Amino acid sequence: MAQSTYRAPKGTEDLLPVKARAWEHLARVAQDLFSRYGYEPIATPLFEATDVFVRGIGEATDIVGKEMYTFLDKGGRSLTLRPEGTASVVRAVIEHHLTANGQSAKLYYAGPMFRYERPQAGRMRQFWEIGVEAIGMGEPTLDAEVIVMLMRFFAAVGVPSERMRLLLNSMGDERCRPAYREKVASYIWKHAGDLCEECVRRAETNPLRAFDCKNEGCRTVMAGAPLLRDELCDECAAHYAEVRRILDAAGVTYVEDASLVRGLDYYTRTVFEVQAEGLGAQNAIGGGGRYDRLVEEFGGAPTPGLGFALGFERTLLALEAAGVEIPAPPKAEVFVARAGESAALVVFEVTRALRDAGVAAEMDHQGRSLKAQLKVADRIGARAVVIIGDDELASASAVVRDMSSGVEERVPLGEIAGRVASAGGR
RNA sequence: GUGGGUGUAGCUCAGUUGGUUAGAGCGUCGGACUGUGGCUCCGAAGGUCGCGGGUUCGAGCCCCGUCACCCACCCCA
């Protein structure tokens, strides 16, 4: 391997054309789909005051505890590269009063997120997410809308439905969750002997996270723990039931999973996660939930919110594992080849004219032989090659070669664009 | 932070119990066809064998160290 001095930093990757095209494809699908659901684009800075994430995501989370890229700028401010999108968007929504006086905001964004973790399959230090945040609406129809939209996205890009599943749960709210937390905490204390250290520690910081433990013993013990489903207050239970009712009516299949406790502190009520095969040890390609207290947490007026994020890399891994190809357009429809020195200017002009006429056209810039130019034309999938040399110059014409049939004909220079568009075209 | 695996041409990889000029396929470039692609044939370019030490007459192969990447734990997109 060439001894290159510089490499992309650990946990980051260069998106070379093949991959970058797949990226654009996902972004385009999301853009089309989400705008049909009434969502508008937003872009926030890649970094924020550190406190935005500490407050928003929660002190006790792994993200804040050990995964943030935090640094001091030259003014001594503590800044952090965004580890997720919700906190930034909520901050922006409040800062610009997007939900003042009962208004609501339906937003989507796409971009890189940063978490300092050990990279592995499906997990990068810089990874890309498409996210959606709907702020200012508390009705269960919104929960269902967002979930349906997420599932439609995965279907639209080609993740086979039999290779993914939707998990659903309710986390309760400030009325029912605290009491439930206590119940789980005391359950953990009672079974401390059979749980891992981490889970016992969780009893204090965030007992619900113990449901997330992958340790076999912990899972067994936690399977017997009280379920929030049975402890929800009337309002939360009704909200959850309504979300399920709407999803049922929409024909969305889901699995209720009482152990689905997402790793960010801000979630209330509805939480969901989409899992897929082919992601290595990972399984989530997207997830989200309601966060009805987050705006207040940031100092805004009480405002409900809901959102999800989905991962570019993981979605692509799922597609790859399922054998789904991202459609790739031909690089050029027409190649304009030069035979001999004197035709250089005419070749350039013909190429330019084709491009101006909306045709994807390419020409040689390396002084290749005609043979080599034909080879290139073939490789990039050109349907036709326009050949211009001394003979053609003399008669102000060009040879147009149909690359699939090999048939050639002489065409006056002025008629090339029209001829190529009809013959070499679709 | 902890564990495991792997580092040989642009890419994917061979490389026998350490032995002399380190190989293949693909790709690239050129030729067979002096202005014509795909198929075929021929040829060429391209390698500090990750890096640094050590053992040895001799190291891509063995030993030590180091770096990088990958995978897994943890957690998440």
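The values are calculated or read from the model by the stated rules, or taken from the named source; none is laboratory data. As the structure is a prediction and not an experimental result, all values here were calculated from the model. Backbone-built Cβ (ideal geometry, glycine too); neighbour counts: all protein chains shown.
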| query | So A:Glu129 fits all but one of (1) within 17 Å of A:Ala276 (Cα to Cα); (2) surrounded by fewer than 18 Cβ atoms within 10 Å (Cβ to Cβ); what number is the exception? | reply | (2)
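Residues are listed down the side, and each one gets a yes or a no for (1) within 17 Å of A:Val271 (Cβ to Cβ); (2) surrounded by 17 or more Cβ atoms within 10 Å (Cβ to Cβ); (3) over 31 Å from the mean Cα position of the chain (by Cα); (4) of a type outside the set (Ser, Thr, Tyr):
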site	(1), (2), (3), (4)
A:Leu195	no, yes, yes, yes
A:Arg201	no, no, yes, yes
A:Thr205	no, no, no, no
A:Thr220	no, no, yes, no
A:Arg229	yes, no, no, yes
A:Leu232	yes, yes, yes, yes
| remark: Note on region A:382-400: residues touching an Asp or Glu at 6+ places or on another chain (Cβ under 8 Å) and more than 12 Å from A:Val411 (Cα to Cα) are A:Ala382, A:Arg383, A:Ala384
| said: If I go through region A:320-356 residue by residue, how many of them are within 25 Å of A:Pro17 (Cα to Cα) and either within 13 Å of RNA strand B (Cβ to nearest atom) or not in a helix (DSSP H, G or I) (or both)? | reply: 18
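Residues A:Leu310, A:Leu316: which one is outside any loop (DSSP other than H, G, I, E, B), within 13 Å of RNA strand B (Cβ to nearest atom) and out of contact with any strand residue (DSSP E or B) (no Cβ under 9 Å at 6 or more places or on another chain)?
Values: A:Leu310 fails: out of contact with any strand residue (DSSP E or B) (no Cβ under 9 Å at 6 or more places or on another chain).
One residue alone meets the criteria, A:Leu316.
Output yes when any residue across region A:4-18 is away from RNA strand B (no atom under 16 Å from the Cβ) and surrounded by 11 or more Cβ atoms within 10 Å (Cβ to Cβ), and no when none is. Talk me through it step by step, then tell me what you get.
At the first step, the residues of region A:4-18 found to be away from RNA strand B (no atom under 16 Å from the Cβ) are none.
Scanning region A:4-18, I find no residue that is away from RNA strand B (no atom under 16 Å from the Cβ) and surrounded by 11 or more Cβ atoms within 10 Å (Cβ to Cβ), so the answer is no.
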| note | A:Tyr266 vs (1) at pLDDT below 95; (2) in contact with a strand residue (DSSP E or B) (Cβ under 7 Å, 6 or more places away or on another chain): all pass except (2)
| said: Take the residues in region A:257-286 that are surrounded by fewer than 19 Cβ atoms within 10 Å (Cβ to Cβ) and more than 7 Å from RNA strand B (Cβ to nearest atom); name whichever of them is nearest to A:Trp128 (Cα to Cα). | reply: A:Glu277
| task | Could you tell me whether any residue of region A:392-403 is near RNA strand B (Cβ under 6 Å from one of its atoms) and surrounded by fewer than 12 Cβ atoms within 10 Å (Cβ to Cβ)? | result | no
